[in-house]
Amino acid sequence: MNEPQREAVMHKDGPIMIIAGAGSGKTKVLTTRITHLMAAHEVDAFNILALTFTNKAAAEMKERIGKILGNSEARNLYVGTFHSVFARILRGEAGKIGYPSNFTIYDTDDAKSVVKTVVKEMELDEKQYKPNIVYNRISSAKNALVGPAEYINDYTLQQEDARSNRPMIGQIYDAYAKRCFKNGAMDFDDLLFKMYILLKNNADSLSKFQRKFKYILIDEYQDTNPAQYEIIKLLGAMHENVCVVGDDAQSIYSFRGATIANILQFQKDYDDVKVVKLEQNYRSSKTILNVANEIISNNKDQIEKRLFTDNGEGEKVKLVRTMTDNDEGKYVSDTIKEFKLRNHFFNKDFAILYRTNAQSRSFEESLRRMGIAYRIYGGMSFYQRKEVKDFVAYLRIVINPKDEEALKRIINYPIRGIGKTTIDKAVLFANENNISMWEVLNNAARFGFKSGTLESINNFVIMIRMFQSELDKKNAYDLAVIVGKSTGIVKDLFNDKTTEGLARYENVQELLNSIKEFIETPMNEEDGEVGDKGLGSYLQQIVLLTDSDDDKENSDVVKLMTIHAAKGLEFPVVFVGGLEETLFPNAMSINTREELEEERRLFYVAITRAKSNLFLTYSNARYRFGQLQQNDPSRFIDEMPEAMIDRSYAGTVARNNAGSGWNQGSAAERMQRGFAGSSDAGRAEKQYGAPPTKKPALPSYAIPKPQASKTAEHTPSADFVPSDTSNLQAGQKVEHQKFGFGEVLKMEGAAHNPIATVNFETNGEKKIMLNYAKLRILE
DNA sequence: TGTCTGGATGTTTTT
DNA sequence: CATCCAGACA
């Protein structure tokens, strides 16, 4: 019954909204529609705009279309992420909003650095206005299309900032925006924000792109934020051939401003929206799909959907409890090994998913120990590595000398005697005279720099000027080679024979290769207009790349990534780790129903990545912030249908049936219960201040659980006996610690090394064995 | 100006 | 635990 629905969507003109469940082949619908438009309706590739949220999704889409219609056709499509497509458009139209076409794109680190600079210059308290917090606030404003002036004049925003004791954020925002503009730079959010400004304020640009994009297609529509929404609305206004595909149940990017309100609004914005629901899942077993359905049904905010599948029943979902995070890693690696032997699976059939990047460590260690090939996605991208960014900073300054962040980064790298004091002075002069730092350096003598410093500055300026003059004669690759040689960076790295030095050298070589590849790859036929083969274009592309983009699709490795990064992917066997309170759902996201429901959607996404086997793991204790911390099992575990869960590895019966656990007793009782009795309350009070006298009536989902007790110095009780100290070296001192509901020995040894096995007694019967206790060195 | 070091501080999630 | 930074010293 899905097929006619799909068919209806292929040819039709006009606004279309496809609400499609997980595993229903969303992206395929989009690509098929594109090929139909091009083949059957003779729509020119130039007139089709397809927007995705990851480069990978865009690349796959292009590849599929290329296979059907030929690569030369596919190349001319505007397929890409919102950010990269808009960057490309803005490059061509930059002059209209006062930017150079070679504007720099600041990544998050650059942007935070600018925030920091601005806060410092405004002589505000840097503790109070932490770059992270301020930047996030600015980011949210931009995603909601709120500019600095509007921000400062908005009563509610000002109230919020005043309440959080950061009343100057509006002013910082204003100064930040001005500084970015002065630097000829846009941050990630600007790529959306400025795109909107461009279309809003320039009728000719708007009309040009409205005419151009006869068909607009958007993947993962539930992830769009207001800025993206308004841009699409403007772009699509002429032809109204906007086709969006999304799944409200997979909306997991609200921190980026995404709102499912966009799905609801879409239907109101156009007269006759064709709405199609795709509810058949082609990916997962019945069991897995049912668990997913059950989980998501706990959410209040959702569009009614019930996914079904013709796939087989499949195996039960395995729930696994371990003692520590290291055991969790070990269990997963063991299971992978066993699966490979028994069922002839390959490494690439497995994915390990988790809530936070930090969780990858224990999995990584155990996989390495077992000799299983793996790859971690996410974390730092290639272009964020220090050595690569340093090199790129040189290229940035050649292309856009106003780029102060790049300049500050490399002016003294390699060390050439231009220190902090000199830099501060140069920036100050630049601000006072309203010119760029680069211009100050160009006239260093006039600004009073003397002797050694002056000479260093002049030599630096001459070198950069030389690069700039080469820019006209040489291609991007040759220029980069010259930069590498003249600065001595490459030689320095080459001479560093440490392992890391070697890796750094290789990374820079790889950077050079990537530049070469860039200039040799044929691109879109249409945009000769802004020199898309140039270094400037290259630099604008690479900031938008993440490390999942250079994917060697067929390499046989186990894949490790966050759940966010796994969206849109599928794997035969999926492990989801860390199903613990404060981790998943994350402690940061349990304060409102909306937040908690997003965590639940995240869990839903995790479950629906699996085709045939799903393992959910959690551990009693794990290292966080360098300390062993103990967590309750995730509340999501109890939301799953009992009949489909195999708990034989969890060592517990369902808590609902056990007659004990958090779900028992009155709300007040539950709120008072604690791990270690009254002492916790006292500690909590110290840490967080006295509780409010009158507690608001909280709905059940918001009941605060007691904080897991942290380890702290502790005198051992009289009857405490360490069960095994056989690995303890002579002369090593030990100290007792209270930990969670028990006691443990702390002793000398490097982190993570299993130097001792320690049992500890807990309330009455429980005995817990820590195999890999991370034990601190004491003198 | 550059380098070393102890103490503070921090972990959601990403283009 | 890892990273960052201010302040001390070469």
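The values are calculated or read from the model by the stated rules, or taken from the named source; none is laboratory data. Nothing here was measured: the structure is a model prediction, and the numbers come from that model. Glycine also receives a Cβ, built like all others from the backbone with ideal geometry; neighbour counts cover every protein chain displayed.
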Name the pairs: first residue in the stretch A:382-401 and within 11 Å of A:LEU535 (Cβ to Cβ), second residue surrounded by fewer than 21 Cβ atoms within 10 Å (Cβ to Cβ) and of a type in the set (S, T, N, Q), Cβ to Cβ under 7 Å, at least 6 apart or on different chains? A:VAL398/A:GLN468
Is one or more of the residues making up the stretch A:553-575 more than 30 Å from A:ARG396 (Cα to Cα) and within 16 Å of DNA strand C (Cβ to nearest atom)? no
Can you tell me which residue in the stretch A:113-147 is surrounded by the fewest Cβ atoms within 10 Å (Cβ to Cβ), limited to those that are farther than 20 Å from A:ILE397 by Cβ and hydroxyl-bearing (Ser, Thr, Tyr)? A:SER140
In the stretch A:341-360, residue modelled with the highest pLDDT [restricted to those that are surrounded by 17 or more Cβ atoms within 10 Å (Cβ to Cβ) and of a type in the set (Lys, Arg)]: A:ARG355
Does the stretch A:271-279 include one or more residues that are on the phi > 0 side of the Ramachandran plot, surrounded by fewer than 21 Cβ atoms within 10 Å (Cβ to Cβ) and in contact (Cβ under 8 Å) with a residue 12 or more places away in the chain? no
Quick one: what pairs do we get from the stretch A:619-641, first residue closer than 16 Å to A:ILE590 by Cα and within 16 Å of DNA strand B (Cβ to nearest atom), second of a type in the set (Phe, Trp, Tyr) and at pLDDT 85 or above, C-beta under 7 Å, 6+ apart or different chains? A:SER634/A:PHE584; A:SER634/A:TYR618; A:PHE636/A:PHE603
Kindly establish whether A:ASN326 is surrounded by 19 or more Cβ atoms within 10 Å (Cβ to Cβ) and either more than 23 Å from A:VAL605 (Cα to Cα) or in contact with a helix residue (DSSP H, G or I) (Cβ under 9 Å, 6 or more places away or on another chain) (or both). yes
Have a look at A:LYS337, A:LYS330 and point out the one that is touching a Ser or Thr at 6+ places or on another chain (Cβ under 6 Å), part of a helix (DSSP H, G or I), basic (Lys, Arg) and more than 30 Å from A:ASN136 (Cα to Cα). A:LYS330
From A:ALA149, A:ALA227, A:ALA162, A:ALA177, grab the single residue that is small (Gly, Ala, Ser) and touching a residue at least 60 places away in the same chain (Cβ under 8 Å). A:ALA227
Hey, which of the strands (runs of 3 or more DSSP E) in the stretch A:139-257, taking only ones fully inside, have at least 1 residues that are more than 25 Å from A:ASP13 (Cβ to Cβ) and of a type outside the set (A, V, I, L, M, F, W, C)? A:185-187
Search the stretch A:118-143 for residues that are in contact (Cβ under 8 Å) with a residue 60 or more places away in the chain and pair each with any residue that is among the hydroxyl-bearing types (Ser, Thr, Tyr) and assigned to a helix (DSSP H, G or I) when their beta-carbon atoms are under 7 Å apart and the residues are at least 6 apart or on different chains. A:VAL118/A:TYR176
Name the single residue, out of those in the stretch A:369-384 being within 16 Å of DNA strand C (Cβ to nearest atom) and touching a strand residue (DSSP E or B) at 6+ places or on another chain (Cβ under 8 Å), that is farthest from A:ASN326 (Cα to Cα). A:GLY378
Tally of residues being surrounded by fewer than 18 Cβ atoms within 10 Å (Cβ to Cβ) and small (Gly, Ala, Ser) across the stretch A:87-112: 3
Qualifying residue in the stretch A:435-452 (condition: surrounded by 14 or more Cβ atoms within 10 Å (Cβ to Cβ), assigned to a helix (DSSP H, G or I), within 16 Å of DNA strand C (Cβ to nearest atom) and touching a residue at least 12 places away in the same chain (Cβ under 8 Å)): no
